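Asker: What follows is a single structure, and I will ask about it in a moment.
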Amino acid sequence: MSLSRNEAETTAQVISRALPYIQRFTGKTVVVKYGGNAMGDDNLKESFARDIVLMKLVGINPVVVHGGGPQIGELLDRLSIESRFIDGMRVTDSKTMDVVEMVLGATVNKEIVNMISAAGGKAFGVTGKDGQLIKAKKLVVSHKTPEMEVPEIIDIGHVGEVASINKSVIDMLVNSGFIPVIAPIGVGSDGASYNINADLVAGKVAEVLDAEKLILLTNVAGLKDKSGEILTGLTTARVNELIADETIYGGMLPKIRCALEAVRAGVSSAHIIDGRVEHAVMLEIFTDEGVGTLITNQESDLGELN
């Protein structure tokens, strides 16, 4: 690709401005949860893959955890298998779990590996069942209405939560020069497969790897206040205040709680960013402005949005 003199100078300036961030994060681990709109748009797919490859080339260790809810729903519809949700979680019987494993462990995972390979990277796809990477336990869901004296326990099937992460599997891949691409399927002590929320898996992976950053790609511009302005540079204490006054509510709560748990467990910062923006990951890591909401435990870090 041929550049004009002005374009070449702009490119050189951008690379130069990124240098302090590259120096700061070389050798660090960044866990990225990939999903939503970014998975359905060809330009966003390409920009995501290039961002991940660039991170690896400059010495950062990216680990990708992906979702695939829309793809699962589409195949279930084609197979005439009804989708039911309770408190935002897909009820997953044995037939549905077979579809989840097929979509996440094969179709989506391999597509992401191929995307990264096409961008010049070296990716390795795994599910949480490989090498018992993700040990899971069945998720217990309780539901209570005003008429109930005792909450009802609801069985939502093969839906799990993380019991433990086998760090050695990820370390082996990273130390061999690979970019791990993880499908959020865990295995229980009984050998059963469990579908686990990808945000939760990404958060737990970030915790056990002592990651520098946890980045959650979303379909919104970031966490907003009640007037619609994007909030960033938040401490965990401030986030708790926003939850208490219901600035944060609904579908954003699980992501926020995942981010909070990660930074409380030692992850330096968590970022909830707009996956609809091309090169969102690169913008968040290599610029002060970023494209979303940053959460940190450290008051002193708030002057630096990265």
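Asker: In the stretch 169-306, what percent of the accessible surface is made up of carbon and sulfur (1.4 Å probe, ligands and nucleic acids excluded)?
Answerer: Here it works out to 48 percent.
Asker: Now for a different question. If I model a spin label as a point 7 Å beyond the Cα along the Cα-Cβ vector, how far apart are those points for T10 and S227 in nm?
Answerer: Reported label-point gap for T10 and S227 is 3.3 nm.
Asker: What value, in deg cm²/dmol to 500, does the helix sum -39500 (n - 2.57) over DSSP H runs of n ≥ 4 give at 222 nm once divided by the residues of the chain? Before the final figure, lay out the partial values.
Answerer: Numbers: 10 runs with 113 residues, N = 306.
Result for the chain, helices only: -11500 deg cm²/dmol.
Asker: Report, in whole Å, the centroid distance computed from the Cα atoms of the stretch 115-136 and the stretch 204-220.
Answerer: 16 Å
Asker: Which one, A123, V103, G68, is farthest towards the positive end of the dipole of the stretch 35-136 when Lys and Arg carry +1 and Asp and Glu -1 on their Cβ?
Answerer: Sorting the options by dipole projection puts first A123.
Asker: Accessible area per residue for the chain in Å², computed with a 1.4 Å probe and the full protein assembly in place, what is it?
Answerer: That works out to 48 Å² per residue.
Asker: Out of residues 5 or more away from G157 or on other chains, whose amide H comes under 5 Å of its own, with H placed 1.01 Å from N in the peptide plane?
Answerer: T92
Asker: On to the next question. Evaluate the relative contact order of the chain (contact order divided by residue number), counting alpha-carbon pairs under 8 angstrom at least 6 apart; express in whole percent.
Answerer: Result for the chain is 20 percent.
Asker: Turning to a different aspect of this structure: How far is it, in nm, from the label point at N219 to the one at D41 when both lie 7 Å from their Cα along the line to the Cβ?
Answerer: Going by the 7 Å Cα→Cβ label model, 1.3 nm.
Asker: Note the per residue figure in Å³ for the convex hull of the C-alpha positions in the chain. Could you put the intermediate results ahead of the total?
Answerer: Working: hull volume 46.3 nm³, N = 306.
Convex hull volume per residue, Cα atoms: 151 Å³.
Asker: Another question, then. Just the number, please: percent antiparallel of the DSSP beta bridges in the chain, rounded to the nearest 5.
Answerer: 40 percent
Asker: Then there is this: Round to the nearest 0.05 the FRET efficiency obtained for D190 and E74 when R0 = 22 Å and r is the Cβ-Cβ distance.
Answerer: After rounding, the FRET efficiency stands at 0.15.
Asker: Treating only the Cβ of Lys, Arg, Asp and Glu as charged (+1, +1, -1, -1), what charge dipole size does the stretch 163-267 show about its Cα centre? Round to the nearest 20 debye. The partial results should precede the final answer.
Answerer: Numbers: 9 positive and 12 negative charges, 17 e Å.
In total the dipole reaches around 80 debye.
Asker: OK, next. Please sort through the DSSP H helices of the chain and keep those with an alpha-carbon extent of at least 24 Å along the long axis and a Kyte-Doolittle average not below -1.0.
Answerer: The qualifying helices are 5-25.
Asker: Put +1 on the Cβ of each Lys and Arg and -1 on the Cβ of each Asp and Glu in the stretch 165-306; which of N297, H279, G250 then has its Cα farthest toward the positive end of the dipole?
Answerer: My answer, from the dipole projection, is G250.
Asker: Classify the stretch 206-291 as rounded, prolate or oblate from the Cα gyration tensor: take a ≥ b ≥ c as the square roots of its eigenvalues, call it rounded if a/c is under 1.5, otherwise prolate when a/b beats b/c and oblate if not.
Answerer: oblate
Asker: From the square roots a ≥ b ≥ c of the eigenvalues of the alpha-carbon gyration tensor of the stretch 151-306, which class results: rounded (a/c under 1.5), prolate (a/b over b/c), or oblate? The partial results should precede the final answer.
Answerer: Numbers: a/c = 1.90, a/b = 1.27, b/c = 1.49.
Since a/c reaches 1.5 but b/c is at least a/b, the shape of the stretch 151-306 is classed as oblate.
The values are calculated or read from the model by the stated rules, or taken from the named source; none is laboratory data. For clarity, every value in this text was computed on a predicted model and none was experimentally measured. Cβ: placed from backbone, ideal geometry, glycine included. Neighbour counts: every protein chain shown. Just so you know, the surface numbers come from the protein's heavy atoms only, side chains and all, with ligands and any DNA or RNA stripped out. Shrake-Rupley method; radii C 1.70, N 1.55, O 1.52, S 1.80 Å.
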